1. In what sequence, highest mean first, do 172-179, 275-282 appear when ranked by Cβ atoms within 10 angstrom?
2. Give me the angle, in degrees from 0 to 90, between the Cα long axis of helix 223-232 and the longest principal axis of the Cα atoms of the chain, rounded to the nearest 10.
3. Mind checking the full-extension length gain between ASN304 and GLN50? Use 0.36 nm per residue of separation minus the Cα-Cα distance, one decimal, nm.
4. Mind ranking 125-138, 152-165 by how tightly packed they are, going by the mean number of other C-beta atoms within 10 angstrom, highest first?
5. What FRET efficiency comes out for ARG272 versus GLU245 if R0 is 22 angstrom and r is the Cβ-Cβ distance? Round to the nearest 0.05.
6. Of the options VAL288, GLY258, SER270, report the single residue whose Cα projects farthest towards the positive end of the charge dipole of the range 212-310 (beta-carbon charges: Lys, Arg +1; Asp, Glu -1).
7. Assuming R0 = 25 Å, what is the FRET efficiency of ALA311 and LYS212, from their Cβ-Cβ distance, to the nearest 0.05?
8. Around VAL32, under 14 Å between beta carbons, what's the net of Lys plus Arg minus Asp minus Glu among the other residues?
Amino acid sequence: MADTAPLRLLFAGTPEFAAHHLDALLGSRHQVVAVYTQPDRPAGRGKKLQASPVKQRALAAHLPVCQPASLRDEQAQRALADHGADVLVVVAYGLILPQAVLDAPRLGCLNVHASLLPRWRGAAPIQRAIAAGDTESGVTIMQMDAGLDTGAMLATARCAIGPHATTASLHDELAALGAPCLLEVLDDLPAHQARARVQDDSLATYASKIEKAEARLDFALPAAELDRRIRAFNPFPVCFSELGETRVKVWQARPEGGGRLAAPGTVVHSDRDGIRVACGEGSLCLQVLQLPGGKALPVEALLNAHGERFAPGAVFGAHASTGTTTGTATLTTRGNAG
C-alpha cells in the first residue's frame, strides 16, 4: 500500500449491502464526513416510515444524514459539493447521479457493484446471476461515469455461485468480498485509477429490476430453471403458485431429472421428503412452503396439517373455478436505471 493521506469521503447507499460497506469505512483510516441515503419509506403492516439500514448506521455513528428525493436540483448539488470531499463512495444508492455530482469530489465517484462487470449492469445483479445459472459472481469497484454501470473498473473480487446459493446467501458473501476490496482501492486510489480497465460493452448484460409478477412459477418450464428462480427470489419477492384458490409460496425446492411425468403442475408424489411436482422437463421437489397467514414450514410439518391439499393429482397453477392453468414469461434482461 502506498503511503497516501486519509481521504475525506461522502457515502451514498441505502440497503443492508451498502450498510456493510459503510461499517468498513467507519472502521478505516479514512473520514466519512456525511452520508446520503434514500428518503424514509413506509414499511411493515402499519406502513410506518422506516429509516434505511444506511441511515440507521449513520445516525449511530453521529454522522450528518442527507436524504434528497433527487440530486438533479442545483441546491442539492451545491450542498453536496460544499462537503469538500475527496471521493463519493456509492453502494446501491438508488438515485441517478447527474454529471455535476460526478464532478464534485476531487477524485470523483466510486461505485461498488455486485457483479463482475460488464456482466449484469443494472438494478438486480445478484438475482439475475442466480436465475441465469451463472457459476461465478463477484464485486467490481468502478470509477463512475454518466452511464449505467459503464465506468472504468479499478478492482474486482470473485466468488463461485454454488448449486444451492440463494440471493440471501450470495448477498452476504459479496458484501464480505466488497468491503475489503473497496478499502484496498481507497488506500492507494491514484495507482488504481492509473491502472483502470475500460469495460468491453460487447460483453454487457443487463440486470433489470425484479418485478413481483416474475415470481409466479410456470411449471411448463424445466425444473432446473424453476429451481434457479426460486433461489434467485429468496428472500424477495419469493416464488409462488396457486393451488386451487390458495397462493402457496415456495421458499426451497430441489430439481429432479427425468422426462415429463405428468401434466406440468401436477403433484405426482408427496411425503416427508418433499412434494414432487411435474414440470415441462423433470420434476421439482418442493421442500419449504408457506401458506397465507402462516410461516414458512418444511414439507413434513406442512403435510401433517394439510396433507390432503398436496395429495397426488392436485395441480399447481390451476384455478379451481375455471380449471385453467397460468404461467409467466421467462426472465427478461432489460436495462433499468433504478
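1. 275-282, 172-179
2. In the chain, helix 223-232 runs at an angle near 40 degrees to the longest axis.
3. 87.6 nm
4. Ranking the peptides 125-138, 152-165 by packing returns 125-138, 152-165.
5. 0.25
6. VAL288
7. In this case the efficiency is close to 0.30.
8. So the environment of VAL32 carries a net charge of +2.
Laboratory data are not the source of any read-out in this text; all were calculated from the coordinates shown. Note that the coordinates shown come from a computational prediction; the quantities given were computed from them, not determined experimentally. Heads up, the Cβs are rebuilt from the backbone with ideal geometry, glycines too, and the neighbour counts pull from every protein chain shown.
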